[in-house]
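The values are calculated or read from the model by the stated rules, or taken from the named source; none is laboratory data. As the structure is a computational prediction, the values presented were derived from the model and not from experiment. Heads up, the Cβs are rebuilt from the backbone with ideal geometry, glycines too, and the neighbour counts pull from every protein chain shown. With ligands, DNA and RNA removed, areas are computed over all heavy atoms of the protein, side chains included. Shrake-Rupley method; radii C 1.70, N 1.55, O 1.52, S 1.80 Å.
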Amino acid sequence: MKKLFVLLVSVVFASCSQDQIESSNPLAVNASLSVLDGKMLSFKDDKSFIKEYSALSELKTTKEIQNWISAKGHTSLLDTLEASEGIQDSIVSNTRIIYSDPIKAIVNADSKFKISGKVIWLNERNLYILTEKDQNKNLQELKTMKTDLDVYGIISNLNADQKSNIVSRNVIPNENRIKTFVKNLPNNKRNILDLFNETIVINDQIVSSKMFLRSIFQYKSCSFWRCTWKTDSEYCQIETNGSVNCTVCGEFNDWVLYSLQGELFTGSKTFLLATWTGGTPPQIIGYSNFAVSGDVRWKTAPSSYSYLQPISWY
């Protein structure tokens, strides 16, 4: 009989000093996992890539991840990709492809990095291997030939139509699904909360699966011709209010849960909510699922007025 595992993450609102944050920096012992090779970060193997990606996921502030990028010395996709891209409309689509800040910090402005000497190019959900003759081609050239490239791995994109086609591996329920919550604010501003899963598959095996919450503050910028949404650079804080319930059904219980405790950020930031520890994921059977429910409270600094947004994951 299937058992129901209910894990409760209780959090309190607390502002941590920068010294406290940096002293617990999970990257302190992993500083040499990647090195700069030309314009790309290079990892010696898959394990090193996932280990540094996981450590980046645990960083609490915008400053910490920017310090890591600066120390590495490369131009990351995180610093060149506009967070508001793809979410200009008043109705925000749940079909967008979202990458976590750690992924965007690792790949360069051309979405490339190296593993085991191979140049890897991230495009949509696939991690492609670039041969030596293809490494210097621009993005438009690569996109026209991507069907001819070998796939190294995927940031998986599981949907209902694909379930019946997966026979060679176990799966994480709701791989790379997304649920979006939009809160309209005074003065033509809004906050977009994206609750999403990011699962990485290499050699047809799941090597990482994480649940993230991304917050993007935007303001409407209007010219004579049109209005667009742009990322607001105002400092913000985000926390859970009271508790967030994370429920795991069936045998799917190998998760570590994290809390948000007044985390400070600017404009856009992804926050780690839960990470899979590497147990055997179940096959998709019935309604096995990972679920989240609870409230997120956030405010702009130094404003004392806060907003409450209920979140849920099916």
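Using the structure shown, decide if C222 is farther than 21 Å from S54 by Cα and either open to solvent by 40 Å² or more (accessible area, probe 1.4 Å) or at pLDDT below 80 (or both). Spelling it out, C222 is indeed farther than 21 Å from S54 by Cα and either open to solvent by 40 Å² or more (accessible area, probe 1.4 Å) or at pLDDT below 80 (or both). Hey, can you tell me all the residues within the stretch 168-186 that are at pLDDT below 85, under 28 Å from L308 (Cβ atoms) and either polar (S, T, N, Q) or in contact with a helix residue (DSSP H, G or I) (Cβ under 7 Å, 6 or more places away or on another chain) (or both)? Correct list: N174, N176. Counting residues in the stretch 147-155 that are closer than 30 Å to Q237 by Cα, open to solvent by 50 Å² or more (accessible area, probe 1.4 Å) and either of a type in the set (A, V, I, L, M, F, W, C) or modelled with pLDDT of 90 or more (or both) gives zero. Residues of the stretch 130-144 that are among the aliphatic types (A, V, I, L, M) and open to solvent by 60 Å² or more (accessible area, probe 1.4 Å): none at all. Just to be sure before I move on: is V201 part of a strand (DSSP E or B) and open to solvent by 10 Å² or more (accessible area, probe 1.4 Å) in the structure I sent? No; evaluated as a whole, the condition is false for this residue.
Determine whether N253 is at pLDDT 85 or above, open to solvent by 20 Å² or more (accessible area, probe 1.4 Å) and not aromatic (F, W, Y).
So N253 does not fit the description; no.
Listed by position, the helices (runs of 4 or more DSSP H) enclosed by the stretch 57-123 that each have at least 2 residues that are open to solvent by less than 10 Å² (accessible area, probe 1.4 Å) and modelled with pLDDT of 85 or more are 62-72, 101-106.
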